[in-house]
Amino acid sequence: MFSARISITAVALLALAACAPPGQQQSQEATATGPIKIANVNAQSGQLSSLGQWEHKGVKLAIDEANKAGGVNGRQIKLDLFDSQGDPTVGTNVARKIAAEGYVAMLGTAESAVTLAMAPILKDAKIPNITSGQSPKLAELKSPFLFLNAPTSVTFDETLAKYLADDKGYKKIALISNNGAYGSGEHDAFLASLKTRSLTPLADEVVTPDQKDFNANLAKIREQDPEVLFIGAEEVQSGLIAKQARELGLKALFAGGAPMGTDVYASTAGLKNAEGSVVSSPYLSNEASEEIKAFAAKYKAAYNEEARMHVAKAYDGASIMLEALKQTNGEGGQKLADAIRGVKRAGLLGNYTYDANGVGIHETKIGLVKDGKVVPEVAG
């Protein structure tokens with residue numbers, strides 16, 4: 001009789017647990033002792049693979065450090081890498097897989113177009129996502145589960161326009177950008193900043209993200225003889241544009257956002273062609289502070305290569321995610337999203353304070369490309 005009562009009670013408890021409200025089930029899941037599953041989604045193949053590989057290394061460095069220190073409240077982080085191939089359709093399929101397989105959170109992608117495609121699925125699944133994308137369209141989604149680990153193009157390009165037009169007095173400015181998510185965001189943000197200064201570009205050429213020959217576009221720009229050529233494209237394409245512009249005899253100063261601050265841009269353009277390019281970025285140098293020097297040293301020890309902004313912002317994003325997970329004891333969903341939004345962190349890119357649109361960093365600086373590397377611009 002006694003054992004029968006225990007069996008009946010056990011069945012009843014199981015039934016109650018199965019009928020428990022979602023919030024109560026999440027609380028029960030948060031007491032688990034198994035690993036916490038986090039997805040890292042980034043291009044590991046294709047033209048944008050350099051971004052994805054940097055991002056993965058930055059994320060992995062932060063996760064490895066956390067796991068060595070005991071994980072999240074004693075639980076290890078299980079980090080799984082998914083190759084988005086820089087393709088929104090592939091990213092969408094990965095998002096569905098993440099939603100179906102119990103991942104608590106996602107880090108990535110570095111490509112705005114891919115993140116934009118994944119965001120609705122992750123929102124419906126209540127999976128918080130910290131992305132390295134910079135398109136203003138990411139913030140415009142106003143998803144409570146989407147967070148940026150860098151400023152949007154609005155901040156990058158307002159800083160750039162202020163330096164070029166206000167500080168240096170350039171008025172003859174031309175634009176060339178691609179019509180992908182990143183390039184469109186750069187184009188629109190920089191154009192808006194010019195308009196507030198009553199400046200109209202001498203030329204405004206738009207290309208496709210996979211275009212490699214820009215001679216026809218650059219020939220039109222050359223006819224206008226601009227002082228500055230703003231380039232709104234990713235690393236490889238920006239480098240190709242710079243290289244072909246110089247080959248056509250275009251003497252304009254090149255200016256743009258974070259992609260122009262990478263060695264991929266400089267090596268693609270050629271060091272001589274990239275020399276003097278103006279870069280707007282929240283992370284200009286591995287020597288900018290003692291904290292950044294220490295980060296750059298441990299990254300070099302781990303991967304035998306120099307750190308850069310893409311690595312640093314991925315590391316910042318992973319660190320913020322880890323801090324929030326400690327607050328929720330590994331629980332995901334809305335509770336984790338709220339914890340991320342509440343994190344105030346002095347990161348490598350600056351002071352993170354998330355606004356209602358998921359943007360955490362609101363300032364960039366100006367640097368110049370010298371011998372293939374970015375150095376802070378010295379006012380005066």
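If you take the residues in the range 211-242 that are in contact with a Lys or Arg (Cβ under 9 Å, 6 or more places away or on another chain) and in a loop (DSSP other than H, G, I, E, B), which one is farthest from TYR163 (Cα to Cα)?
ASP225
What number of residues within the range 30-60 are part of a helix (DSSP H, G or I) and of a type in the set (A, V, I, L, M)?
The qualifying residues number 3.
Go through SER198, SER184, SER193 for me and flag whichever is farther than 28 Å from GLY34 by Cα, hydroxyl-bearing (Ser, Thr, Tyr), outside the structural domain of GLN47 (by TED's automatic domain parsing) and in a loop (DSSP other than H, G, I, E, B).
Working: SER184 fails: in a loop (DSSP other than H, G, I, E, B); SER193 fails: in a loop (DSSP other than H, G, I, E, B).
Being farther than 28 Å from GLY34 by Cα, hydroxyl-bearing (Ser, Thr, Tyr), outside the structural domain of GLN47 (by TED's automatic domain parsing) and in a loop (DSSP other than H, G, I, E, B) holds for just one of SER198, SER184, SER193, which is SER198.
Spot the failing condition for THR131; the list is (1) surrounded by fewer than 18 Cβ atoms within 10 Å (Cβ to Cβ); (2) closer than 15 Å to ALA258 by Cβ, and only one is missed.
In the conditions (1) surrounded by fewer than 18 Cβ atoms within 10 Å (Cβ to Cβ); (2) closer than 15 Å to ALA258 by Cβ, THR131 misses (1) alone.
Within the range 139-148, identify whether any single residue is touching a residue at least 40 places away in the same chain (Cβ under 8 Å) and closer than 23 Å to GLU227 by Cβ, and answer yes or no.
There is no residue in the range 139-148 that is touching a residue at least 40 places away in the same chain (Cβ under 8 Å) and closer than 23 Å to GLU227 by Cβ.
Consider the range 185-211. How many of its residues are among the charged types (D, E, K, R) and within 10 Å of PHE230 (Cβ to Cβ)?
Residues flagged as among the charged types (D, E, K, R) and within 10 Å of PHE230 (Cβ to Cβ) within the range 185-211 amount to 2.
Among the candidates VAL104, VAL94, which residue alone is touching a Lys or Arg at 6+ places or on another chain (Cβ under 8 Å), farther than 20 Å from GLY347 by Cα and in the same structural domain as ILE63 (by TED's automatic domain parsing)? Don't jump to the end; show me each part of the working.
On the way: VAL94 fails: touching a Lys or Arg at 6+ places or on another chain (Cβ under 8 Å).
Unique residue meeting the criteria: VAL104.
Do any strands (runs of 3 or more DSSP E) entirely within the range 61-146 hold 2 or more residues that are modelled with pLDDT of 95 or more and among the charged types (D, E, K, R), and if so, which?
Those strands (runs of 3 or more DSSP E) span 77-83.
In this structure, is THR328 under 21 Å from VAL72 (Cβ atoms), surrounded by 17 or more Cβ atoms within 10 Å (Cβ to Cβ) and either modelled with pLDDT of 95 or more or in the same structural domain as ALA252 (by TED's automatic domain parsing) (or both)? I'd like the intermediate steps shown before the answer.
On the way: under 21 Å from VAL72 (Cβ atoms): yes; surrounded by 17 or more Cβ atoms within 10 Å (Cβ to Cβ): yes; either modelled with pLDDT of 95 or more or in the same structural domain as ALA252 (by TED's automatic domain parsing) (or both): yes.
The answer is yes for THR328.
Of all residues in the range 65-105, how many are in contact with a Gly (Cβ under 8 Å, 6 or more places away or on another chain) and over 21 Å from LEU116 (Cα atoms)?
4
Check the range 348-357 and report whether any residue there is outside the structural domain of ILE98 (by TED's automatic domain parsing), in contact (Cβ under 8 Å) with a residue 12 or more places away in the chain and on the phi > 0 side of the Ramachandran plot.
Looking through the range 348-357, none of the residues is outside the structural domain of ILE98 (by TED's automatic domain parsing), in contact (Cβ under 8 Å) with a residue 12 or more places away in the chain and on the phi > 0 side of the Ramachandran plot.
Can you find a residue that is within 15 Å of the chain's Cα centre (by Cα) and either modelled with pLDDT of 95 or more or among the aromatic types (Phe, Trp, Tyr) (or both) anywhere in the range 155-169?
yes
If you check SER49 against the conditions, is it surrounded by fewer than 22 Cβ atoms within 10 Å (Cβ to Cβ), under 25 Å from ALA297 (Cα atoms) and modelled with pLDDT under 95?
Answer is yes for this residue.
Which of the residues belonging to the range 311-354 are of a type in the set (Val, Ile, Thr) and out of contact with any Pro (no Cβ under 7 Å at 6 or more places or on another chain)?
Selection gives VAL311, ILE320, THR328, VAL343, THR353.
The values are calculated or read from the model by the stated rules, or taken from the named source; none is laboratory data. Keep in mind that what you see is a predicted model, and the values were worked out from it rather than measured. A quick note on method: Cβ atoms are made from the backbone with ideal geometry, for glycine too, and the neighbour counts reach across all protein chains shown.
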